[in-house]
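Structure below; questions to follow.
The values are calculated or read from the model by the stated rules, or taken from the named source; none is laboratory data. Computed from a prediction, not measured in an experiment: that's the story for all the values here. We place every Cβ from the backbone using ideal geometry, glycine too, and count neighbours over all the protein chains shown.
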Number of protein chains: 2
Amino acid sequence: MTRNLLLISNSTNQGEQYLSWVKNDIVAFCRKHNVANALFIPYAGVNVGQSFEGKTIEDSYNLYVERVQDVFAKDGITVKSVESVENAESAECIIVGGGNTFHLVYELHRLNLMDAIAKRVKEGIPYIGWSAGANIACPTMKTTNDMPIVEPKSLNTLNLVPFQINPHYLDANPAGHGGETREDRIREFLVANKDVTVVGLREATALEVTDDSIKLIGSRNMRIFQSGKDPVEISSKDDLNFLLGY
Amino acid sequence: MTRNLLLISNSTNQGEQYLSWVKNDIVAFCRKHNVANALFIPYAGVNVGQSFEGKTIEDSYNLYVERVQDVFAKDGITVKSVESVENAESAECIIVGGGNTFHLVYELHRLNLMDAIAKRVKEGIPYIGWSAGANIACPTMKTTNDMPIVEPKSLNTLNLVPFQINPHYLDANPAGHGGETREDRIREFLVANKDVTVVGLREATALEVTDDSIKLIGSRNMRIFQSGKDPVEISSKDDLNFLLGY
């Protein structure tokens, strides 16, 4: 496997423009890998524009693609939406946007794109994913925060890294809320999945992963969860290679 | 179908004792239906006690049952944990506790309890569920907030009411968090499930449902979501019968 991944916690920090915090990192990643054309997977975006009255999911996808095209147009990166398995097999870069992870995974399995994308990325083309798109780079989508609005054929995903990402990792509940915290939920995950490492990837952070290196981007720590151990805070200065198994 | 349901958003308000806000309502519901013995389903409780080091899931279940037994012991309601399908078939009241809804549904399908419980409750025995236990009274678990730590055979659940509950309904994200709000997530659900009504059931509220009546318990409103309409706030003084289809 040749691996060139940019796995981003979230598209948008509260109050900021779409993708603004991470746009420069994405452009630098594309330039490093000589990417001029990227294939975009919009299937997590079931309700882009927030106004679904009379709109179809295809309308939502179209809005989503335009939004991403607009972000990168001035940087000379052309973004095209996926239309077929052949698109994935010939892509020179794949970008997977966020939204509802269940819907994304449902569609990728239904359209036979999950295996096609995994194969193409393992051939070495760059992969960029934010939120749901970062989660599906993992073995499964079992660390999502999203609502299971549809039932995918399987929760297995691209398996490009040997650990799980929890995107939008969040330290505390809103004041007064008694439901499970994110840490509670991840501890439940570890009870049912004892051998899996979970990376709590806070908003405004990302991971850049190659075959033999892994780098934390952003100024916040990430939080590592493993069964039977206390969670650990890891900064961009720490060695992250244990996540790749060495 | 004869229907006697108490569907509770959450066990515990922040900073309060376990079940304290709703204990009197549960006891009154049991007295009204002459319940002295209840069968408890603990399978959502994968990490009760919050310290899973060296513990098994059975240890967690046992702690969970003891916790619930302790709450009702002084009120003359005996709580026993489920051990077999026969337990469900002969139960005089079924209580389903909260925790991880995916794990609960996984186990109920695996152990052939989903159909057995639905049948027994439709025969008229009282059903009490909080959080995950309220969610599975609905047609599906597709409005859960929980992490898909395991993959159930199906997301279909008990189908005791013709609408979906989102337990622990929450109005806002924590300050500074850019991820989807609960309302965003429910709107995504409605895109994929256009004919389904979703009840956002805030903490410290519950629904009491019979064949021909439905009552909101607690002092907070609930929030109703339907495709193509603006969400509506409903108080305990409003007529809720539209939720039952008339």
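I want to confirm something. Restricting to region B:32-57 and keeping residues that are within 14 Å of chain A (Cβ to nearest Cβ), free of Cβ contacts under 8 Å to residues at least 40 places away in the same chain and among the polar types (S, T, N, Q), which single residue is nearest to A:Lys229 (Cα to Cα)?
B:Ser51
List the pairs whose first member sits in region B:67-87 and is more than 18 Å from B:Leu104 (Cα to Cα), whose second member is in a loop (DSSP other than H, G, I, E, B) and of a type outside the set (D, E, K, R), and whose Cβ atoms are under 6 Å apart, counting only residues at least 6 apart or on separate chains?
Filtered contacts from region B:67-87: B:Val71/B:Leu19.
Another question about this same structure. Name the residues in region A:167-191 that are under 15 Å from A:Lys229 (Cα atoms) and facing another protein chain (nearest Cβ under 7 Å), would you?
Correct list: A:Arg187, A:Glu188, A:Phe189, A:Val191.
Going by the structure shown, is A:Ala38 surrounded by 14 or more Cβ atoms within 10 Å (Cβ to Cβ), in contact with a Gly (Cβ under 6 Å, 6 or more places away or on another chain) and within 30 Å of A:Leu244 (Cα to Cα)?
no
For region B:174-214: of the residues being within 19 Å of B:Asn241 (Cα to Cα) and over 19 Å from the mean Cα position of the chain (by Cα), which is surrounded by the most Cβ atoms within 10 Å (Cβ to Cβ)?
B:Asp212
Look at region A:176-223 and say how many of its residues are of a type in the set (Lys, Arg) and within 14 Å of A:Val161 (Cα to Cα).
Of the residues in region A:176-223, 1 are of a type in the set (Lys, Arg) and within 14 Å of A:Val161 (Cα to Cα).
Let me ask something else about it. Which count do you get for residues in region B:11-24 that are more than 11 Å from chain A (Cβ to nearest Cβ), surrounded by 17 or more Cβ atoms within 10 Å (Cβ to Cβ) and of a type outside the set (Val, Ile, Thr)?
1
Just one of B:Ser11, B:Ser60 is under 29 Å from A:Gly176 (Cα atoms), in contact (Cβ under 8 Å) with a residue 60 or more places away in the chain and polar (S, T, N, Q); which is it? Even if it seems obvious, please write down each step before you answer.
Numbers: B:Ser60 fails: in contact (Cβ under 8 Å) with a residue 60 or more places away in the chain.
One residue alone meets the criteria, B:Ser11.
Then there is this: Would you call A:Val199 touching a residue at least 12 places away in the same chain (Cβ under 8 Å), under 13 Å from A:Ser9 (Cβ atoms) and not in a loop (DSSP other than H, G, I, E, B)?
Here the answer is yes, as A:Val199 does meet what is asked.
Rundown of residues vs (1) at pLDDT below 95; (2) farther than 20 Å from A:Ile41 by Cα, yes/no style:
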site	(1), (2)
A:Ile117	no, no
A:Asp146	no, no
A:Ile149	no, no
A:Ser154	no, no
A:Tyr169	no, yes
A:Asn173	yes, yes
A:Phe189	no, yes
A:Thr197	no, yes
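Report whether or not B:Lys229 is in a loop (DSSP other than H, G, I, E, B), surrounded by fewer than 18 Cβ atoms within 10 Å (Cβ to Cβ) and touching a helix residue (DSSP H, G or I) at 6+ places or on another chain (Cβ under 6 Å).
It is false that B:Lys229 is in a loop (DSSP other than H, G, I, E, B), surrounded by fewer than 18 Cβ atoms within 10 Å (Cβ to Cβ) and touching a helix residue (DSSP H, G or I) at 6+ places or on another chain (Cβ under 6 Å).
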